[in-house]
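Structure, as structure tokens:
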Amino acid sequence: ALTVQQTARPHGFPTTGDFAFVESPLPEPAPGSALVENLYWSVDPYHREMMDDVPGGFTLGAPLEGRTLGRVVASRTPRLREGEIVFHRRGWRTHSVVAPEESRPLPRFDGVPLTAHLSVLGGTGLTAYVGLTRIARLREGDDLFVSAAAGGVGTATGRFARLLGAGRLVGSAGSAAKAGYLTREVGYDAVFDHHAGPAAELLAQVAPDGFDVFVDNVGGEQLAAAVGALREFGRIVRVGTISQYNTPDAPPPRFDHADIVEKSIRMEGFLVSNYRDVQEELEAFAVPHLQSGRLALDETVVDGFEHIVDAFLGMLRGENLGKIIVRDISQ
Ligand code: NDP
């Protein structure tokens with residue numbers, strides 16, 4: 001079996017030298033647990049936050065943890081059947097020993113690929129759905145701005161917003177190619193490349209009349225620009241701050257707090273882990289749309305567990321389109 005371990009704490013952008021692949025004997029499931037052969041791994045921006053010396057962060061020299069789908073290959077509990085596909089969080093390794101309470105047998109939905117359980121039906125989709133329905137409390141016709149619109153959360157937010165009856169949908173992404181994909185395939189009306197100039201100017205070009213909701217995956221300059229451009233009673237959904245994860249010395253974003261008061265703006269952050277009870281509602285909403293073809297998957301699939309570190313670093317650099325997933329190809 002192969003595990004990935006973190007060997008050093010990066011200051012700024014991590015490198016492959018901060019990780020090691022470690023061979024070890026196949027783990028034995030103890031009574032009450034099962035051995036899972038992993039098939040698909042999620043690599044996520046929050047893993048970058050866990051690489052720092054923070055409470056709940058990764059332990060140097062121990063296997064990393066991450067969201068994963070795998071097949072039960074040996075079970076010593078009646079609650080996990082051999083052959084069953086389960087979701088669990090002991091990822092970044094080829095084989096995991098899991099207890100029933102740490103894993104979830106996947107519901108089977110006809111015509112829905114397994115990877116969807118890590119993208120639109122997984123934590124990524126749940127984040128997008130909670131952001132729109134619980135935090136923004138989206139109303140039909142609301143105009144939206146979404147940052148990191150071409151990523152996992154960003155594409156799911158765009159597609160869900162369309163299905164939920166949003167009005168004008170604008171976004172930001174890291175290249176003209178991504179912007180083109182979003183307007184052609186995902187239903188965005190206009191998208192700017194956030195490398196192309198000052199965020200406030202670029203945002204004014206795509207949304208000259210402002211917007212009602214900002215779903216913010218990025219923070220920094222784009223957040224400051226959005227506060228200025230939001231309409232009265234605007235809502236800011238604070239999902240993530242990826243622009244700050246690799247720049248620990250950069251100053252936090254500055255915006256005019258008077259805008260928050262004068263425009264009655266509500267800014268609310270959330271952690272998807274506090275909204276697990278919305279999972280079934282997400283499935284009830286998204287699965288029929290997936291089955292009818294009204295909802296498509298936006299995924300970048302990287303083949304081979306040995307590329308998991310490269311996939312993670314590539315995602316931080318913006319090489320992914322949609323949710324990034326690593327796939328086992330050894331079987
Ligand atoms: P993505 O698939 O969006 O991948 C990250 C993307 O961020 C990259 O593709 C890149 O796209 C963009 N990016 C990287 N650096 C910068 C930068 N300096 N400025 C602007 N954009 C940048 O990841 P996820 O969809 O998984 O996550 C998106 C955000 O949501 C993250 O901030 C994450 O931490 C947060 N999140 C929060 C959750 C919660 O519970 N609150 C749960 C899940 C995610 P590009 O090429 O467009 O620059």
Exercise for review: Report yes if Ala161 is over 30 Å from Gly314 (Cβ atoms), part of a helix (DSSP H, G or I) and either in the same structural domain as Met267 (by TED's automatic domain parsing) or out of contact with any strand residue (DSSP E or B) (no Cβ under 7 Å at 6 or more places or on another chain) (or both), otherwise no.
Suggested key: no
Check your understanding: Taking into account only those residues within the range 143-158 that are away from the ligand (no atom under 13 Å from the Cβ) and touching a helix residue (DSSP H, G or I) at 6+ places or on another chain (Cβ under 8 Å), which is farthest from Leu203 (Cα to Cα)?
Key -> Leu144
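Given the options Arg139, Arg238, name the one that is more than 15 Å from the ligand (Cβ to nearest atom) and modelled with pLDDT of 95 or more.
On the way: Arg238 fails: more than 15 Å from the ligand (Cβ to nearest atom).
None of the other options fit; the residue is Arg139.
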Point to revise | Checking Leu282 against (1) in the same structural domain as Arg139 (by TED's automatic domain parsing); (2) among the aliphatic types (A, V, I, L, M); (3) closer than 30 Å to Gly293 by Cβ, the condition it does not meet | key: (1)
Study note, to complete from the structure: Result of the Cβ filter at 8 Å on the range 205-228, keeping first residues that are surrounded by fewer than 22 Cβ atoms within 10 Å (Cβ to Cβ) and partners that are modelled with pLDDT under 95 and assigned to a helix (DSSP H, G or I), at least 6 apart or interchain, is Gly219/Gln244; Gly220/Gln244
Review point. Just for the range 298-317: of the residues that are buried (at least 20 other Cβ atoms within 10 Å of the Cβ) and either among the small types (Gly, Ala, Ser) or closer than 26 Å to Val218 by Cβ (or both), which one is nearest to the ligand (Cβ to nearest atom)?
Key: Met315
Practice item. Would you check if there is a residue in the range 114-133 being out of contact with any Phe, Trp or Tyr (no Cβ under 9 Å at 6 or more places or on another chain) and over 21 Å from Arg90 (Cα atoms)? Key: no
Practice item. Starting from the range 9-37, take each residue that is closer than 16 Å to Pro63 by Cβ and loosely packed, with under 13 Cβ neighbours inside 10 Å and list its partners that are polar (S, T, N, Q) and modelled with pLDDT of 95 or more, counting only C-beta distances under 7 angstrom and pairs at least six apart or across chains. Key: Ser24/Thr3
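Is at least one residue of the range 120-136 away from the ligand (no atom under 16 Å from the Cβ) and surrounded by fewer than 23 Cβ atoms within 10 Å (Cβ to Cβ)?
Here is the first cut: in the range 120-136, the residues away from the ligand (no atom under 16 Å from the Cβ) are none.
Scanning the range 120-136, I find no residue that is away from the ligand (no atom under 16 Å from the Cβ) and surrounded by fewer than 23 Cβ atoms within 10 Å (Cβ to Cβ), so the answer is no.
The values are calculated or read from the model by the stated rules, or taken from the named source; none is laboratory data. Model, not experiment: these values are computed from the prediction. We place every Cβ from the backbone using ideal geometry, glycine too, and count neighbours over all the protein chains shown.
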